[in-house]
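A.B. asks: Sharing a structure with you now.
The values are calculated or read from the model by the stated rules, or taken from the named source; none is laboratory data. Predicted model only: the values in this text are computed from it and were never measured. So basically every Cβ, Gly included, is an ideal-geometry build from the backbone, and we count neighbours across all protein chains shown.
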Amino acid sequence: MEVKVIGGGLAGCECAYQIAKRGIKVKLFEMKPLKRSDAHHSDALAEVVCSNSFKGNELTNACGLLKEELRTLDSLLIGCADKNRVDAGNALAVDREAFSKAVTDEIRRNPYIEVVCDVVSDIGDGFTAVCTGPLTDDALIPAMKAHTGEFLYFFDAAAPIVTADSIDYDKAFFMNRYNKGTPDYLNCPMDKEEYFTFLDALLNAQTAPVKDFEKKAVFESCMPVEIMAARGADTLRFGPLKPVGLDTDKKHYAVLQLRREKTGGELYNLVGFQTHLTFPEQKRVFSLIPALKNAEFVRYGVMHKNVFINAPELLDDSFALKSQPNVYFCGQISGVEGYVESIASGLVAGIDIARRLTGKNSVAFPTNCVIGALADYISHAEGAHFQPMNANFGLLPYLDCRDKIKKKELLAQRSLENLKHFIQSNEIL
Ligand SMILES: Cc1cc2nc3c(=O)[nH]c(=O)nc-3n(C[C@H](O)[C@H](O)[C@H](O)COP(=O)(O)OP(=O)(O)OC[C@H]3O[C@@H](n4cnc5c(N)ncnc54)[C@H](O)[C@@H]3O)c2cc1C
């Protein structure tokens, strides 16, 4: 039996390595150097397309904890990142060329992996992992659509997400417009003075640079909140800050609504606040909304071209299609967001494929560690509003501790213990 992995990026290389490590042959298809996306420049596998940072490395950072979980699971790519790191304070940043070369060398010398240079246009129905990333080549789109139906999105215009316990509930209230249905929305009102302070900061905030290929694809179809604001002083009050139907004992001048991001209510999404502000500016400007003064942002808003599938409708918690379990989608295309998260999804899918091909049962990673919680989110989030998700502590089950730092330490300890127990009891390594 031979497995096909399409895409030799971060997810694809990790996936291929995990399958090969378990004695199964893999054909890894990569279109470079035959063809490159607008964001890929090198001919190496596992190219780091933008920032060279793999984000925080400490266990009190959810992405740092995810990296430690990946080390425990013998991730090839995190191992190569550790060996090729450059100084970056508490973050794990890499020498991008040395990192990609290290991964490419490991993959090419692996006797179980054959790298095939091809622009793939067919998925087939044998064991296949589609890891073609957010800039998947157009040649594969018709085949992907055949497997995913209409559940394929082309733009990632995501609004920021904050943790529930960082919101000031004295300055917010639960209510649906016109009191319809159960009060699911958390409303963050502003008076006139607060609104104009916010508007002024928003209009003068710094935006992230836009790549040429993103301009047409993204901004024409989905308007960032700062561009909307520039159209007139009241535009936002007729858009995402519309106060209508939300009067309590007093009339509000503008109201931002937060929508639950996770069923347990640990995370909230800033409704309609897709934005292209830089991450520090998002924190500074959105924290001017009184209820969000001390908000902890677990994901910032992003806007870039990004092909991803509606994973909750389509995938199980091993990244396999529910309708066709031999076909897996992992990496950014599966709806995880970020380098490390893409690697993690490739690892989960690779282990699952190898287990199934060696007569072992498919096991879901535990949801009380970050890698399992992310897989669980991807497969069980609400499909109607699905947007890519990165590693964050809000995905983990609740832990009662008021001290924020201590809480993160306890969550990290709990995650690593659970993962080790899971590895042992299911013979994962
Ligand atoms: C412009 C941009 C900037 C980003 N910046 C960051 C960042 O700074 N930090 C961060 O954490 N995340 C960032 N991301 C998000 C994400 O983490 C990266 O895109 C990451 O590389 C995703 O890994 P992947 O394995 O899913 O895809 P990729 O690493 O892109 O790998 C996909 C591979 O598939 C190949 N391929 C595509 N189509 C085909 C085909 N039909 N046949 C054969 N091969 C094919 C490609 O050549 C590529 O090598 C960014 C994304 C984009 C688009």
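A.B. asks: Which of (1) at pLDDT 95 or above; (2) surrounded by 15 or more Cβ atoms within 10 Å (Cβ to Cβ) does Gln387 not meet, given it meets every other one?
C.D. replies: (1)
A.B. asks: Shifting gears a bit: How many of the residues making up segment 10-43 are crowded, with 24+ Cβ neighbours inside 10 Å, within 14 Å of the ligand (Cβ to nearest atom) and among the aliphatic types (A, V, I, L, M)?
C.D. replies: 4
A.B. asks: Within segment 264-288, track down each residue that is part of a helix (DSSP H, G or I) and not acidic (Asp, Glu).
C.D. replies: Within segment 264-288, Phe279, Pro280, Gln282, Lys283, Arg284, Val285, Phe286 qualify.
A.B. asks: Taking the condition in the same structural domain as Ile6 (by TED's automatic domain parsing), assigned to a helix (DSSP H, G or I) and crowded, with 21+ Cβ neighbours inside 10 Å, does Tyr377 pass?
C.D. replies: Here the answer is yes, as Tyr377 does meet what is asked.
A.B. asks: Sticking with this structure for a sec: Exactly one condition in (1) more than 30 Å from Ala412 (Cα to Cα); (2) within 13 Å of the ligand (Cβ to nearest atom) is false for Glu2; which is it?
C.D. replies: (2)
A.B. asks: Got a number for residues in segment 62-89 being in a loop (DSSP other than H, G, I, E, B) and at pLDDT below 95?
C.D. replies: Counting residues in segment 62-89 that are in a loop (DSSP other than H, G, I, E, B) and at pLDDT below 95 gives 4.
A.B. asks: Follow-up. How many of the residues in segment 266-290 are surrounded by fewer than 22 Cβ atoms within 10 Å (Cβ to Cβ) and not polar (S, T, N, Q)?
C.D. replies: Here the count works out to 10.
A.B. asks: While we're looking at this one, here's another question. In segment 336-355, which residues are within 8 Å of the ligand (Cβ to nearest atom), of a type outside the set (D, E, K, R) and surrounded by fewer than 24 Cβ atoms within 10 Å (Cβ to Cβ)?
C.D. replies: Selection gives Gly338 alone.
A.B. asks: Being on the phi < 0 side of the Ramachandran plot, modelled with pLDDT of 85 or more and not charged (D, E, K, R) is true for just one of Leu186, Leu152. Which residue is that?
C.D. replies: Being on the phi < 0 side of the Ramachandran plot, modelled with pLDDT of 85 or more and not charged (D, E, K, R) holds for just one of Leu186, Leu152, which is Leu186.
A.B. asks: Which residues, taken from segment 6-35, are part of a loop (DSSP other than H, G, I, E, B) and under 17 Å from Val130 (Cα atoms)?
C.D. replies: Gly7, Gly8, Gly9, Met31, Lys32
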